[in-house]
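Here's the structure, in structure tokens; my notes come after.
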Amino acid sequence: MKKLVLVLFLIGPMIYSQQELQDRIFFSQALAQHLSDYNKKANLAYERNEYEKARELFDSFTSNQLEGSYMNNFRFSNLKKKQVQLYDFKKPVFLITYASWCIPGKGEVPALNELAAQYHDKIDFVVLFWDKHSKVKELSEQFSSKISIVYVDETENQGAYVVKQLKHSLGLPTCFLLAENKKVMDIRRSVFPSLQTSEETAFRENFIALETSISKNLINQQFEEVYAENVSLD
């Protein structure tokens, strides 16, 4: 009897973990179920120049249909042209997508660099480019060494799946905040201050917006999970 109890005690967490994995809804699945309906509504709003409505549709779509799903283990290349997977990053992930033809908003890169310096021990900061290696290497020089730079080069006819899911689905730049287990906690657009905004003000607007989202969705979420584990042990 004691042996049976011990066996159940040992395999119990394994069974729960497997069941948890089976019950997960992945990001790609959520997109497949809801993206078409969102695109119809968003395209109509843009055709009518209803930009505020389009923004509200994006916020509603991401918060109600995509957040809470689990990001797929997408594959990219790093600056050494080595393949890396999203799940190689073990901490919570701050992932933002760029391209050479998509200029970041004023003050955004300095804000990202400052946040990476402040939180790199708790969060993996990842910038994903949709570009050729040579261009990505050039663009990477503006980012802190605390930020991981990865890319997908569509001209090599590779990465079609990740391009479809992360680039063509929501456009760019798009920011994904992922928990340690890669659960999607938040999806947000970049802050784009007006051209007349000073560099200092633009930096502050970006920093506050990004830091608020990081604190709410990644830092506090980590604390709550650790607290819950400690309570259950008591």
key: 3 or more residues touching a residue at least 12 places away in the same chain (Cβ under 8 Å): qualifying strands (runs of 3 or more DSSP E) within the stretch 45-127   = 75-78, 93-98
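Here is a yes/no grid of residues against (1) closer than 19 Å to Thr174 by Cβ; (2) modelled with pLDDT under 95; (3) not charged (D, E, K, R):
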site	(1), (2), (3)
Arg48	no, no, no
Ser60	yes, no, yes
Leu95	yes, no, yes
Pro110	no, no, yes
message = Out of Ala160, Ala202, Ala179, I need the residue that is aliphatic (A, V, I, L, M) and free of Cβ contacts under 8 Å to residues at least 40 places away in the same chain. Which one?
response = Ala160
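Kindly provide the set of residues from the stretch 103-117 that are touching a strand residue (DSSP E or B) at 6+ places or on another chain (Cβ under 8 Å) and not hydrophobic (A, V, I, L, M, F, W, C), ordered by number.
Residues satisfying the conditions are Pro104, Asn113.
If you go through the stretch 61-89 one residue at a time, how many are aromatic (Phe, Trp, Tyr), under 18 Å from Gln165 (Cα atoms) and either touching a Phe, Trp or Tyr at 6+ places or on another chain (Cβ under 7 Å) or crowded, with 19+ Cβ neighbours inside 10 Å (or both)?
So the answer is 4.
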query = Going through the stretch 63-86 one residue at a time, which ones are closer than 15 Å to Phe27 by Cα, over 12 Å from the mean Cα position of the chain (by Cα) and of a type in the set (Ser, Thr, Tyr)?
reply = Ser63
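The values are calculated or read from the model by the stated rules, or taken from the named source; none is laboratory data. The structure displayed is predicted, hence computed values, not measured ones. Cβ sites come from the backbone with ideal geometry, for glycine too, and all protein chains shown count toward neighbours.
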